1. Got a sec? Which of 127, 189 is open to solvent by less than 10 Å² (accessible area, probe 1.4 Å) and modelled with pLDDT of 95 or more?
2. When the residues of region 371-392 are narrowed to those that are under 20 Å from the mean Cα position of the chain (by Cα) and part of a loop (DSSP other than H, G, I, E, B), which ends up nearest to residue 160 (Cα to Cα)?
3. Would you kindly identify the strands (runs of 3 or more DSSP E) lying entirely within region 420-509 that contain at least 2 residues that are over 28 Å from residue 686 (Cβ atoms)?
4. Please go through region 135-183 and pick out each residue that is of a type in the set (Phe, Trp, Tyr) and closer than 22 Å to residue 120 by Cβ.
5. Among the residues in region 183-204, are any in a helix (DSSP H, G or I), of a type outside the set (Phe, Trp, Tyr) and more than 21 Å from the chain's Cα centre (by Cα)?
6. Can you pull out the residues in region 87-116 that are surrounded by 20 or more Cβ atoms within 10 Å (Cβ to Cβ) and β-branched (Val, Ile, Thr)?
7. In region 717-748, how many residues are out of contact with any Ser or Thr (no Cβ under 8 Å at 6 or more places or on another chain), without any contact (Cβ under 8 Å) to a residue 12 or more places away in the chain and part of a helix (DSSP H, G or I)?
8. Go through (1) free of Cβ contacts under 8 Å to residues at least 60 places away in the same chain; (2) open to solvent by less than 30 Å² (accessible area, probe 1.4 Å); (3) not aliphatic (A, V, I, L, M) and name the single condition residue 666 misses.
Amino acid sequence: MTTRIRKVAVLGAGVMGSGIAAHLANSGVRALLLDIVPPKANPGEDTSSKSFRNKFATGALANMRKQKPSPIVSEQVLSYIEVGNFEDDLARISECDWVVEVVKEDLAVKQALFERVEKHIRPGTIVSSNTSGMSIAGMTQGRGADFKKNFLVTHFFNPVRYMKLLELVAGKETDPAVLKTLHRFGEEVLGKGIVYGKDTTNFIANRIGVYGMMRTISAMDKAELSVEEVDKIFGPAMGRPKSAVFRTADIVGLDTFVHVAKNCYDTLTHDEEREVFAIPGFLQKMVEKGMLGDKSGGGFYKKQGKDIHALDLKTLEYRPQAKVRFESLGAAKDIEDVRERVASVLNGEDKAAKFAEGVTLDVLAYTSRRIPEIADDVVNVDRGVRWGFGWDLGPFEVWDAYGVKKGVERMKALGLKPAAWVEEMLAAGRTSFYGVEGGKDTYWDIPTKSVKVVPENARTQRVEYLKRGNKKIAGNDSATLWDLGDGATLLEFHSKMNSLDDQIIEMMGTALDETEKNFKGLVIGNDGANFSAGANIVALLWAAKSGDFESIRKLVQTLQSTVQRMRYSPVPVVTAPFNLTLGGGAEVTMSGNAIQASAELYMGLVEVGVGLIPGGGGNLMLLRNVFGPYAADKDFDALPFLKKVFLTIGTAKVATSAEEAREMGFLSQQDGITSNRDFLLSDAKARVLGMANAGFKPPRPTRFRLPGPNGAATIDMMLYDMELNGQVSAHDRKIAQKLARVLTGGDTSPSVLVTEERLLELEAEAFLSLCGEEKTQDRLQFMIEKGKPLRN
């Protein structure tokens, strides 16, 4: 069913339309992006030319190249997008399997466009609207039965590439098969989390998320809290993104935020909390003054020189931010488990905790009363808010963390009214909205008043499921080896930031021992926020400052020999990287026999940022990937490819997607990319078993024909000019010289083939000598203390 959608027409090339087209292209789906013909021409423009008539769609395409964060995973995907206009090209929607409308939120405009769309589509073509509030009945008025049968709302969130949520809303006449098709396509091809909403204003996520933001804004004045204080309270301490409330509004745009809230106020005349959606005077004034957030250069926050100033809501003047300190937030800071952290804040006694508790309980009570109006169950509501607003926990998960019974009692004490079904659930003996039964996640189903299993795609695999099934084989404080089933094992890192330490390296050896003895193949992956942010530089700096270079040498050599053993093990090893995959994390990733990467991957060998070069085989691995089958070819001119590898490592380049990582040489053409992170471990398992079952044999080690000192001298000439022009410091050049010596093969000549072992020796030698440099130690110290690189 997912293969049915091969080409999609996107009608409207604004922010959302271009974002949807870009993400279709990211996912390997062809897109036809159309917009109106510009109503006015500039002097001298030929109004009959394609360049003029397609100006809006062409402009959107050009903007994709410049936008930050980038809506595309690689410039190469832009070849999947064709542009045109509604006058000349609308008939081309007959080539498409799905047509998604993303024009302005004006019912008459949408109705007129759908009338034209109906004339050109093939029978059975899916048509959807990205509206955030228009009714399906209104939009499809006057359309035929076949059109209505294949029509629904597909509500994406901005920025489309990064926001996981896709809300699907069916009309009364929508064919369930259409929903099923788009569910699978959205989940498996576009990598989205699917939530089923109802045909109500702003559906699920915006209804609850915007209510929460407006409730917070209305309560802060009485609590005498500033913009930055509120954002600190409702940030990571409460399991929310750092952007919290006001920074989120700045990112979204205050005009957009006000439009969504006003839409609620205007249409939700039956909502008992309608007044919460009324736009406060200061917000109206900000929009009138053009203080719209990031898009206008200032909203609730504004950059003033190097500092970010906050807005005083009484005067609408910017002022330096005050340092925010609350005991409850300080106590929560070091609690890693998000449920415990949120409960810790809500149970605090200071001003911040009381504010968080009051607002949160209000939002939870309101959300409970919205079922079944906006959704049929707690699962769709929680997923909608989590995926649409980036919360770690949805409203009912927060309530579970606080305690459902306690929450109901506290709400009543505060004069808040939870829905009757919550008390019915408690009376039935169920004390939480979610639970685990028979190893599966369950939830309280309101219509049937019974416990049901949380619906999930069969490809979803999590470490948590292995824990429940007692699948542990071995483990220590930093890593665990699990039986993944069907003859596969999984090595999970769980140190802080999943950074490599001696215990992880030890478990890599144990994982190979166990897998080679009793299993078919090994997967390396985890469910953390990041695959691995690199090596543990705290321990490294401590050893370097103490002059304990022998332990550093031992660590480097153990890591090198372990990653080499992974590469040449008789069982296949598949690595499954995602998000931050830096330094040692990148080295572990490249040491496998295949990579199954998440589409969202931020991968690089970034050691120069702390005054070092890769020390766990990274130089060898990138050379091997980039040189490919020509590594030993005597007719192969190595220098241009060496330069590419040198600049990638020497400038600490980080790929900002799996596709970009492939272009940079971190991934090969044969490596796989998974669009939905929930499926990553399952896909990696399928790959490793496929390799094992197809008669896997380890690869032969590579030998390299490298230029030696002449090649290093050529690179140093470039470095000399850069130092002379102030582009690099003397220490930068020293690091780069050592990197060049490793990559060019040391004292070799093009007539001699350099082995992998020799390259690893050169790498270890350079790494150790840099550890002894005072300026490198300063860089390490600065990174540990400040979290950013020092240029010295």
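1. Details: 189 fails: open to solvent by less than 10 Å² (accessible area, probe 1.4 Å).
The match here is 127.
2. Kept after step one, since they are under 20 Å from the mean Cα position of the chain (by Cα), are these residues of region 371-392: 382-392.
Still in the running and part of a loop (DSSP other than H, G, I, E, B): 390-392.
Working: 390: 13, 391: 17, 392: 19 Å.
Out of the qualifying residues, it is 390.
3. On the way: elements: 434-437, 440-445, 450-453, 472-475, 479-485, 488-493.
Hits in region 420-509: 434-437, 440-445, 450-453.
4. The first filter runs over region 135-183 and keeps only residues of a type in the set (Phe, Trp, Tyr), leaving 147, 151, 156-157, 162.
Residues satisfying the conditions are 147, 151.
5. Looking through region 183-204, none of the residues is in a helix (DSSP H, G or I), of a type outside the set (Phe, Trp, Tyr) and more than 21 Å from the chain's Cα centre (by Cα).
6. Within region 87-116, 93, 99, 100, 102, 103 qualify.
7. At the first step, the residues of region 717-748 found to be out of contact with any Ser or Thr (no Cβ under 8 Å at 6 or more places or on another chain) are 717-722, 724-730, 732-734, 736-737, 739-748.
Within this subset, residues satisfying the condition of being without any contact (Cβ under 8 Å) to a residue 12 or more places away in the chain are 717-718, 721-722, 724-728, 730.
Now restrict to residues that are part of a helix (DSSP H, G or I): 717-718, 721-722, 724, 730.
Here the count works out to 6.
8. Looking at each condition in turn, residue 666 falls short on (1).
The values are calculated or read from the model by the stated rules, or taken from the named source; none is laboratory data. It should be emphasised that the depicted structure is a prediction, and the values quoted were computed from it without experimental measurement. No Cβ is skipped: glycine too gets one built from the backbone with ideal geometry, and neighbour counts run over all protein chains shown. The area values use the complete protein model at the heavy-atom level, side chains included, leaving out ligands, DNA and RNA. Shrake-Rupley method; radii C 1.70, N 1.55, O 1.52, S 1.80 Å.
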